[in-house]
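S.K.: Below: one structure in structure tokens.
The values are calculated or read from the model by the stated rules, or taken from the named source; none is laboratory data. Note that the coordinates shown come from a computational prediction; the quantities given were computed from them, not determined experimentally. Glycine also receives a Cβ, built like all others from the backbone with ideal geometry; neighbour counts cover every protein chain displayed.
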């Protein structure tokens, strides 16, 4: 049974709590009154947990419904409520869910990991007065393997290349950690990827020298406890409230309205063209090959008309559209590059094709084929056996090579052409299209 004063487990038959000394009533006297009190407590507890789960949980905000892409972030995987490390713990008994994790000097007889063994697992020095929970979380964060493709998705560590969140369980398995480390962690642990400036703020290290640089991204681990949230990252650990950690995670919220594909009648479309001309003046103008926008960000891939020179931009909107990033094609890893600079940008805005593979073929043969069919082209783009053409009459065609010639397929617009490319397994050639 539990001591109602300090919530300590009391041995059966004891007359007082061994920790706080409070009297323990064991008789049957007042049984019906006790049952009524317990029933009211259960109802009150259920109401409390419901509102706490709704208002205080560590799950990031619900995302807007994104457009489909091949990044793995959408549409289901981008929603964190079921993946949040603390969501389940909020709906469980906050006392019964916490195991006995008192420090031990040697391994327990029942197979539990001793605290000395835990300390030996750490690559860092936990210190003489280390807390076992913070030590275990620090080990988890430190053990995350270094891989290309890590991004922060609403504050949580996400492997963009693999298309999934990096979990405590996956780190323990992949790095060969003793799974008994989880005996020191109440509930479930979660891995975060935060800017150094945010970690400095959490640890109270603003303006101080530390391992984490303000503009770089670092991995940390969290766990919800009875008293709030335990946080461990580079340069230290801290006990936080749920509101504290949610205030940090909100800075990584990628929900900025529904993602759309703007056309020539939309303001953002005109702004993309204008800003491209301001940054890279051209006598020929630009063709927009891909553009997507929500209410805060827009991503555009375009080529200089008649020259084929590739230009890429990320725009941001406050009271007007402005260039936030450009030259994405030069980045070693585009999603990671964008994520480091604009951590709250929804990566579903990026195109389904790899910007770094964009390459166009001469269009002379396709234009000549159109001429033989009696059509005069106002636009044509060719790559890897696929062509997209628009005639002076406004007819649109997606062409593909077959038996040494071109087979034109009439399409209503670039969207139908894009769907046809995907159907034929050539979605990576969508950069030949002209988004109008």
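S.K.: Is it true that some residue in the stretch 285-297 is outside any strand (DSSP E or B), surrounded by 14 or more Cβ atoms within 10 Å (Cβ to Cβ), outside the structural domain of residue 156 (by TED's automatic domain parsing) and in contact (Cβ under 8 Å) with a residue 60 or more places away in the chain?
M.R.: The answer is yes; a qualifying residue exists.
S.K.: Could you please let me know if residue 257 is within 18 Å of the chain's Cα centre (by Cα), surrounded by fewer than 19 Cβ atoms within 10 Å (Cβ to Cβ) and at positive phi?
M.R.: Here the answer is yes, as residue 257 does meet what is asked.
S.K.: Would you mention how many residues in the stretch 226-237 are touching a strand residue (DSSP E or B) at 6+ places or on another chain (Cβ under 6 Å) and surrounded by fewer than 18 Cβ atoms within 10 Å (Cβ to Cβ)?
M.R.: 1
S.K.: While we're here: Got at least one residue in the stretch 385-399 being within 18 Å of residue 288 (Cα to Cα), surrounded by fewer than 16 Cβ atoms within 10 Å (Cβ to Cβ) and under 36 Å from the mean Cα position of the chain (by Cα)?
M.R.: Among the residues of the stretch 385-399, not one is within 18 Å of residue 288 (Cα to Cα), surrounded by fewer than 16 Cβ atoms within 10 Å (Cβ to Cβ) and under 36 Å from the mean Cα position of the chain (by Cα), which makes the answer no.
S.K.: Same structure, new question: Among (1) touching a strand residue (DSSP E or B) at 6+ places or on another chain (Cβ under 9 Å); (2) touching a residue at least 12 places away in the same chain (Cβ under 8 Å); (3) in the same structural domain as residue 137 (by TED's automatic domain parsing), where does residue 271 come up short?
M.R.: Residue 271 satisfies every listed condition except (3).
S.K.: Tell me yes or no: at least one residue of the stretch 302-316 is surrounded by fewer than 20 Cβ atoms within 10 Å (Cβ to Cβ), touching a residue at least 24 places away in the same chain (Cβ under 8 Å) and part of a helix (DSSP H, G or I).
M.R.: The answer is no; no qualifying residue exists.
S.K.: Something else now. If only one of 215, 174 is surrounded by fewer than 16 Cβ atoms within 10 Å (Cβ to Cβ), at pLDDT below 90 and under 18 Å from residue 344 (Cα atoms), which one is it?
M.R.: After applying the criteria, what remains is 215.
S.K.: If a residue must be touching a residue at least 24 places away in the same chain (Cβ under 8 Å) and assigned to a loop (DSSP other than H, G, I, E, B), how many such residues does the stretch 219-265 contain?
M.R.: 14
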